[in-house]
Amino acid sequence: MRALLVLMTVTLLAAGCSTPAGQDVSSGEGTHIRSCGREEVFDHPPQRIVSLNQHATEILVALGLSDRIVGTAYPDDNAPPPELAQEYNDIPLLSQDYPSMERILETEPDLVVGGFSTAFDDTEGRDRDSFEELGIPTMLLSESCAEEPVSMDTLLSDIDKFGKAMDVRDAAERVSTDIKRRVRAVEQRVANEDPVDVFVYDSGEQAPKTLGGEDLGTDALRRAGGRNVFADFGGTFPDVSWEQVAARKPESIVLISYLGSPAEGKRAYLSGHPLVSGTPAVRGNRFSTIPLVDLSESIRFPDAVEKLADELHGAS
Amino acid sequence: MTSRLRVFSVHCGLLIALLAIGVFAVSLGSVHVPWTEVWRILVEPVLPVVRGDWSPLREAIVWNSRLPRVVTAVVVGAALALAGGVAQLVTANPMADPYLLGISQGGGLGVCLVLVLGMGAGSFGMATQPIAAFLGGLLALAAVLAVAGRSGSVTSLVLGGLAIGQVASALTSLVLNLSASGEQAKQIMFWTSGGLGSARWELLGVPSAVLMVALVAALVSGRWMNLLHAGDDGAAALGLNARRFRVGALIGVSLLGGTSVAVAGGIAFVGLLVPHAAAFLVGAEARAMLSVSALLGAVFLVLADLAARMVVAPAELPVGVLTALVGGPLFLVMLRRHRRVG
């Protein structure tokens, strides 16, 4: 009998150990979450969260965690979705940029969340190892470390991870369901429309920076009835060539705007560009604008899809 | 006589090379346009018989994108090399060029200020950034001259240039760090490493005019530059006010350097290296050396830009990275040879 018990325990342990990496395991020793290549262990749900990017903060606020966030940073546009604005604005802003390590530690966090990999820049002493040495777990949105094309599923999986780590699974489920419902509604609306060829312009005069095929924005475009003309380019926000922009004859241009880089200047630049000015998009004056944060892995994904669908195929 | 023949044949060789490389550069790009079509698109305006049924896209690519880019490389390469050559002659310092005199950094600071203040396409439209770069370069030079000009010594001139250049670079970094916008930082980063991707016909007017005037002025005053070899006192004995001449020549250098920075950003090593190669080819006589420098600089930059477009195609390298990568080691080799010979 005793031998059987030992055997069962060993088998159970072995089963526990053989759980494939990437799956989240809850056990007596706390919650294990795999976040961007690192296994993080939560003995108890974090109560003092520092979030280093606006779009990551917005996800946490949407999960109802605002009273557990002790600091946010690096605002993208300071204009969170209206339903989150009140709570978002009550969170202390640690820095307009990334805060220093000391500034973060001052808030005594028990979890630090990053939106982009630059949030944990080791040249500024804020790498994830440094936090781990201090016993502070870190999480990074998967967009920053994805090995396959980033899509809505990347976002949903991160929301699920947040739900488990903070023990707000019901809220995570609700938020995910809502995102899927809104996106599906748009997909059904544009299902019978011909996809529009779109050139997405981020910035750059020497060479245009655009969305690559693996960027989340390409997935948003596809769901909104558009087709990124540079979907065959890999990498995150690749630099392409003006000749290729002209040769791919985009029917519509989406300008990405962010703080310090408004869309008006970009529109004027493209309209006056010797090659781009000949594209169907410029000749037909088909421009639209979308904030960068909407195309990052954020709670605004359904907003982005709805907005793009309205621009490309007319308002619903 | 043989030396004159040599100068003549070097000029001819470089001109032919420039033409050949130029046409080659125009026919290469990320969109394929057959070579047979490229030359017809190019000569069609003067020789309408060759008209074919190419698409307007290809015509736009050749005429409005690739050709202005190649011509910009020619103008900027020639201007930088000429600026370097003149600077080296009048300061009698083989290391002098727009960079060493602080002109490029001053120009970069000018552009940086304009961008950060949000006047990127401001008061003077597309000429805003070129004007800012030129003024920045001129101001840097004026500062250098104010510090070093009184003594007129070559050493203090070059050291002053070095210091002003450092201050301008530091100010650029400071301004970048004070402004919160990452986008501007990126634009300016490209500016500091240089590139020709934003070349346009309408941006070429000022730099071309400056180059032409400077080239003529350099050739006309070449005789005086030769006199500077005799030292300031020696030149004075031969009827030349060396100090005044030097200031005039350096203002020309800052014009060339500033307008180059304005259209192509900071491109390293062309101004430093090319005059040495030119002297190696045709000797140190100022007029031959300077005109060969201009041609060689043009050839070098067209080639460098071609490589910058091809190495990581369809993306592009900043051409300044390439010139430094090629120019740096080449310069070291020349230094070594120079030491062995000397």
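Taking residues in the stretch B:199-212 that are facing chain A (nearest Cβ under 9 Å) and under 9 Å from B:VAL75 (Cβ atoms), and partners anywhere that are among the acidic types (Asp, Glu) and in a helix (DSSP H, G or I), not one pair has Cβ atoms closer than 7 Å while being at least 6 places apart or on different chains. Among residues that are modelled with pLDDT of 90 or more, farther than 20 Å from A:VAL41 by Cβ, surrounded by fewer than 22 Cβ atoms within 10 Å (Cβ to Cβ) and out of contact with any Ser or Thr (no Cβ under 8 Å at 6 or more places or on another chain), A:GLU83 is included. Could you list, in sequence order, the residues of the stretch A:222-244 that are at the interface with chain B (Cβ under 10 Å from one of its Cβ atoms) and either part of a helix (DSSP H, G or I) or within 21 Å of A:ALA315 (Cα to Cα) (or both)? Matches in the stretch A:222-244: A:TRP242, A:GLU243, A:GLN244.
The residue of the stretch B:42-77 that is nearest to the other protein chains (Cβ to nearest Cβ), among those that are in contact with a Lys or Arg (Cβ under 7 Å, 6 or more places away or on another chain) and of a type outside the set (Asp, Glu), is B:PRO68.
Within the option set A:LEU259, A:LEU275, A:LEU255, A:LEU270, being of a type in the set (A, V, I, L, M) and at pLDDT below 90 holds for one residue only, A:LEU259. Is there a residue in the stretch A:186-196 that is assigned to a strand (DSSP E or B), surrounded by 18 or more Cβ atoms within 10 Å (Cβ to Cβ) and of a type outside the set (Asp, Glu)? Among the residues of the stretch A:186-196, at least one is assigned to a strand (DSSP E or B), surrounded by 18 or more Cβ atoms within 10 Å (Cβ to Cβ) and of a type outside the set (Asp, Glu), which makes the answer yes.
For every residue, the table says whether it meets (1) in a loop (DSSP other than H, G, I, E, B); (2) under 23 Å from B:LEU325 (Cα atoms); (3) not charged (D, E, K, R).
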position: B:MET225; (1), (2), (3): no, no, yes
position: B:LEU228; (1), (2), (3): no, no, yes
position: B:ASP233; (1), (2), (3): no, no, no
position: B:ARG246; (1), (2), (3): no, no, no
position: B:GLY252; (1), (2), (3): no, no, yes
position: B:VAL261; (1), (2), (3): no, yes, yes
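Residues in the stretch A:268-316 that are β-branched (Val, Ile, Thr) and either over 17 Å from the mean Cα position of the chain (by Cα) or closer than 21 Å to A:GLN244 by Cβ (or both): A:VAL276, A:THR279, A:VAL282, A:THR289. Out of all the residues in the stretch A:209-216, is one or more within 14 Å of chain B (Cβ to nearest Cβ), on the phi > 0 side of the Ramachandran plot, modelled with pLDDT under 95 and out of contact with any Leu (no Cβ under 9 Å at 6 or more places or on another chain)? Checked against the condition, which is being within 14 Å of chain B (Cβ to nearest Cβ), on the phi > 0 side of the Ramachandran plot, modelled with pLDDT under 95 and out of contact with any Leu (no Cβ under 9 Å at 6 or more places or on another chain), the stretch A:209-216 yields no hits at all.
Every residue, every condition in (1) within 14 Å of chain A (Cβ to nearest Cβ); (2) modelled with pLDDT under 75, yes or no:
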| site | (1), (2) |
| --- | --- |
| B:VAL302 | no, no |
| B:MET310 | yes, no |
| B:PRO314 | yes, yes |
| B:VAL319 | yes, no |
| B:THR323 | no, no |
| B:GLY328 | no, no |
| B:MET334 | no, yes |
| B:ARG337 | no, yes |
| B:VAL341 | no, yes |
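The combined condition, being without any contact (Cβ under 8 Å) to a residue 40 or more places away in the chain, more than 22 Å from A:LEU65 (Cα to Cα) and surrounded by fewer than 17 Cβ atoms within 10 Å (Cβ to Cβ), is fulfilled by A:ASP122.
Looking at this structure, is B:VAL7 over 30 Å from B:PHE134 (Cα atoms), outside any helix (DSSP H, G or I) and in contact with a helix residue (DSSP H, G or I) (Cβ under 8 Å, 6 or more places away or on another chain)? Answer is no for this residue. Name the residues in the stretch B:36-53 that are surrounded by fewer than 10 Cβ atoms within 10 Å (Cβ to Cβ) and under 17 Å from B:SER65 (Cβ atoms), would you? B:PRO45 - this is the single residue of the stretch B:36-53 that is surrounded by fewer than 10 Cβ atoms within 10 Å (Cβ to Cβ) and under 17 Å from B:SER65 (Cβ atoms).
Condition check: closer than 14 Å to A:SER298 by Cα and free of Cβ contacts under 8 Å to residues at least 40 places away in the same chain. Does A:PRO92 satisfy that? Taking the combined requirement at face value, the residue does not satisfy it. Restricting attention to the stretch B:179-202, the residues that are at pLDDT 75 or above and surrounded by fewer than 20 Cβ atoms within 10 Å (Cβ to Cβ) total 3. Of all the criteria given as (1) more than 14 Å from chain A (Cβ to nearest Cβ); (2) under 29 Å from the mean Cα position of the chain (by Cα); (3) surrounded by 12 or more Cβ atoms within 10 Å (Cβ to Cβ); (4) of a type outside the set (Asp, Glu), the one not satisfied by B:SER3 is (3). Within the stretch B:284-299, the set of residues being hydrophobic (A, V, I, L, M, F, W, C) and either surrounded by fewer than 19 Cβ atoms within 10 Å (Cβ to Cβ) or at pLDDT below 85 (or both) comprises just one member, B:ALA284.
From the residues in the stretch A:28-46 that are in a loop (DSSP other than H, G, I, E, B) and touching a helix residue (DSSP H, G or I) at 6+ places or on another chain (Cβ under 8 Å), which one is farthest from A:GLU132 (Cα to Cα)? Residue satisfying both the conditions and the ranking: A:PRO45.
Here A:LYS307 passes the criteria (1) surrounded by 22 or more Cβ atoms within 10 Å (Cβ to Cβ); (2) more than 14 Å from every other protein chain (Cβ to nearest Cβ) except the one numbered (1). Residues of the stretch B:20-64 that are part of a helix (DSSP H, G or I), in contact (Cβ under 8 Å) with a residue 60 or more places away in the chain and not aromatic (Phe, Trp, Tyr): B:ILE21, B:GLY22, B:ALA25, B:ASN64.
When the helices (runs of 4 or more DSSP H) confined to the stretch A:59-159 are screened for residues that are farther than 22 Å from A:GLY30 by Cα, those reaching at least 3 such residues are found at A:82-90, A:101-106. Does B:ILE131 qualify as being part of a helix (DSSP H, G or I), more than 14 Å from chain A (Cβ to nearest Cβ) and modelled with pLDDT under 80? For B:ILE131, the condition - part of a helix (DSSP H, G or I), more than 14 Å from chain A (Cβ to nearest Cβ) and modelled with pLDDT under 80 - is met.
Close contacts from the stretch B:300-325, counting a first residue that is crowded, with 21+ Cβ neighbours inside 10 Å and among the hydroxyl-bearing types (Ser, Thr, Tyr) and a second that is in a helix (DSSP H, G or I) and at pLDDT 85 or above, with Cβ to Cβ under 6 Å and a gap of 6+ residues or different chains, come to B:THR323/B:VAL270; B:THR323/B:ALA304. The number of residues in the stretch A:275-313 that are part of a loop (DSSP other than H, G, I, E, B), among the polar types (S, T, N, Q) and more than 29 Å from A:CYS145 (Cα to Cα) comes to 2. Of all the residues in the stretch A:253-301, those that are surrounded by fewer than 22 Cβ atoms within 10 Å (Cβ to Cβ), more than 14 Å from every other protein chain (Cβ to nearest Cβ) and in contact (Cβ under 8 Å) with a residue 12 or more places away in the chain number 5.
The values are calculated or read from the model by the stated rules, or taken from the named source; none is laboratory data. Everything numeric in this text was worked out from a predicted model, so none of it was measured. Cβ sites come from the backbone with ideal geometry, for glycine too, and all protein chains shown count toward neighbours.
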